[in-house]
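Nothing in this text is a laboratory measurement; each read-out follows from the coordinates by a stated rule. Everything numeric here is computed off the predicted structure, so don't read it as measured data. Methodologically, a virtual Cβ is constructed for each residue, glycine included, from the backbone with ideal geometry; neighbour enumeration extends over all protein chains shown.
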């Protein structure tokens, strides 16, 4: 294999950040290989992908020294057309959406590369069939779930037929079936291309990866033999605790954004104090919608939600939000201040719990996606709530941070806190949940735990 990328004395510092990301050691990527890039959350994996795409330091601003060479040419000197041959999937798919409709989003990249109109139509139709997303083509991007946005973002990259593809957590928002399907299609479509993948859900990648690199928190890059990777790690399970009285009841809940397309139909659920309930389901099934209904962000079309014996629509919102806390799927929805410390009332202890103490003075929006998720969890922990509704809490987290979160859940559960957790991270749910429910066809069904 010939060398595709070289990195020379590379350092990068984001504006208003005291942290300098440094990369040294094994610093090459070969032509036509699939490379897995791993490391602790916040070690700079996404930033390295930005460098490989040529985003630094102008598109994504910061102070940079050293250089990145692509086929022995400085990546900063590549033409726009040359850079278009390097596809990039952002960790947060919402950051990548530019168009109003799904069709426009898929066509956008090919239009910029001057594909003919008939080619665009043929390719979108072909790939939509392969990926099983034909029903999404006429939808508004704003109506898509996080997982559906992830699918469209993935597809928009593949449609441009780049020679290099940089994937930042491609399965993060995909349900297990969709993630497995993506890997299968990935194997069919991606030939003679260089792939670099940052991913924490390793169970999907064992059969597609050629080589693995590890970046530590000091920026040292080293090669890790594939046989040393634990591809299917299982977390230690929480001990079951005795639960109290029923504090949340849902009866015959119905909801639809559009009358012709119901999301929830006659849904029923009872949750006891101290329970940790997991909810799984396919992308677009309505899991995030259900959490928003329970937080009174959305109003049901019919049915009843009762919290601590009182109908949810009878609460003043200030009264309800003292009882119920919602962790949004997009962590940026939680940020209000210019530093991470201010987001948690300058409580450095809670930042330290989430390995964020060194980022206390950083702007929340300059954190890595994994750090943003941990900061949103830290904000949640500061809330004195009784019921926590968490949407994808492990997004962007490595094993160590998931274990920290499991320990936190155990302490909060013992204190009588109750959780409903929406997640595609089945190993995490199997470890922490007293029961797991699948949302399918608008209703919840009990699932067997692992």
By the mean-Cβ-within-10 Å protection proxy, highest first, 235-241, 401-407, 118-124 rank as 401-407, 118-124, 235-241
Report, to one decimal in Å, the Kirkwood hydrodynamic radius for segment 3-228 based on all distinct Cα pairs. 18.2 Å
Taking the chain as a Gaussian network, where each spring joins two C-alpha atoms under 10 Å apart, which residue of 31, 270, 369 fluctuates the most? 270
Need the C-alpha centroid separation for segment 159-227 versus segment 72-98, integer Å. 17 Å
Tilt relative to the chain, helix 369-382 - C-alpha long axis, 0 to 90 degrees, to 10: 20 degrees
Using a 10 angstrom cutoff on alpha carbons, build the Gaussian network for the chain and name the most mobile of 269, 35, 367. 269
Quick calc: nm separation of the 7 Å Cα→Cβ label points for residue 61 and residue 430 -> 4.7 nm
Against the longest principal axis of the chain, how steep is helix 146-159, in degrees 0 to 90 to the nearest 10, with axes from Cα atoms? 20 degrees
If one compares the long axis through the Cα atoms of helix 102-112 with the longest principal axis of the Cα atoms of the chain, the angle in degrees, nearest 10, works out at 10 degrees
At residue 71 and residue 138, where each label point lies 7 Å from the Cα along Cα→Cβ, what is the point-to-point distance in nanometres? 4.2 nm
Zone reached by a paramagnetic label modelled 7 Å from residue 79 Cα along Cα→Cβ, restricted to segment 108-123 with backbone N below 20 Å, covers 109-116
Only bridges whose two residues both fall in the chain count here: according to DSSP, what percent of them are antiparallel, nearest 5? 50 percent
Arrange 320, 48, 21 by Cβ neighbour counts within 10 Å, fewest through most, would you? 320, 21, 48
With n ≥ 4 as the cut-off for DSSP H runs, can you work out [θ] at 222 nm for the chain, using -39500 (n - 2.57) per run divided by the number of residues, rounded to the nearest 500? -8000 deg cm²/dmol
Could the peptides 412-418, 74-80 be put in order, highest first, of the mean number of other beta-carbon atoms found within 10 Å of their residues? 412-418, 74-80
Starting at 0 and stepping by 5 Å, how many percent of the alpha carbon pairs of segment 42-152 end up in each bin? 2, 10, 18, 18, 18, 14, 12, 6, 2, 0
DSSP bridge orientation in segment 3-228 - percent antiparallel, rounded to nearest 5: 50 percent
Quick one, can you get me the convex hull of the C-alpha atoms of the chain expressed as volume per residue in Å³? 142 Å³
Using alpha carbon centers only, segment 262-289 is separated from segment 314-338 by a whole-angstrom value of 19 Å
Ranking 195, 130 by Cβ neighbours within 10 Å, fewest first, what do you get? 130, 195
